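The values are calculated or read from the model by the stated rules, or taken from the named source; none is laboratory data. Here the structure is a predicted model, which means the values were calculated and not measured. Note: ideal-geometry Cβ built from the backbone for every residue, glycine included; neighbour counts use all protein chains shown.
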Amino acid sequence: MEVVRVVQRIDIDRIRDEYEKIKDTVPWENGQTSINYRDKEDEDKHLGGCGWHKEYFTRGHVFQKDYMLYNEEYHNTLIKGVLTQYQCYRSRFLTRKSGTCYQWHNDNDFRLHIPVYSDPGNFFAFEHGLERLEPGYVYLVNTTKKHSFFNGSKTDRIHIVGNIEYGFRGSEKTANW
């Protein structure tokens, strides 16, 4: 079963350069910082789209589509260009510390993943097996399937993750997804 697909090559040196320039200028919480935000009073533009959100209980996963605006640090970046190209929303940087993993879960939306730093000990785990996402590519990941992610390397893993509608505009949807 296909759960990960490469959708394009990317200039990883430029992505890393943009990340290095931005990372210390924005707030982080639990290894996350938002690239997208929504215009909501009293919500931090860099943290509002991070982590588990209480609106899951009142609006379901639909609230995530409110996060379409880009924080100013990302204007004129390749990061924004790629996320805009695929019409991503609620995009953020996710860091997974060495020796840690996520709980077994599934998401309501597909995710676009751009590995920024990801050593050979970093893997997505799906019911069918493991998937490795190499830096230098943009991946579409079917995170509606049960999965986890674990970092078995000695360094932190950093990905850009954006929520994405099922399939892409202008292309046929994959039959087995």
Failed item, numbered, when Arg5 is tested on (1) in a helix (DSSP H, G or I); (2) surrounded by 12 or more Cβ atoms within 10 Å (Cβ to Cβ)
(1)
Pairs, please: C-beta under 6 Å, at least 6 apart or cross-chain, first residue at negative phi and modelled with pLDDT of 95 or more and in segment 116-140, second charged (D, E, K, R) and surrounded by 15 or more Cβ atoms within 10 Å (Cβ to Cβ)?
Ser118/Arg157
Exactly one of Thr77, Thr84 is of a type in the set (Ser, Thr, Tyr), farther than 25 Å from Asn122 by Cα and more than 16 Å from the chain's Cα centre (by Cα), and that one is Thr77
For segment 98-108, state whether one or more residues are under 17 Å from Arg157 (Cβ atoms) and touching a residue at least 60 places away in the same chain (Cβ under 8 Å).
no
Name the pairs: first residue in segment 53-64 and part of a helix (DSSP H, G or I), second residue aliphatic (A, V, I, L, M), Cβ to Cβ under 9 Å, at least 6 apart or on different chains?
Glu55/Val62
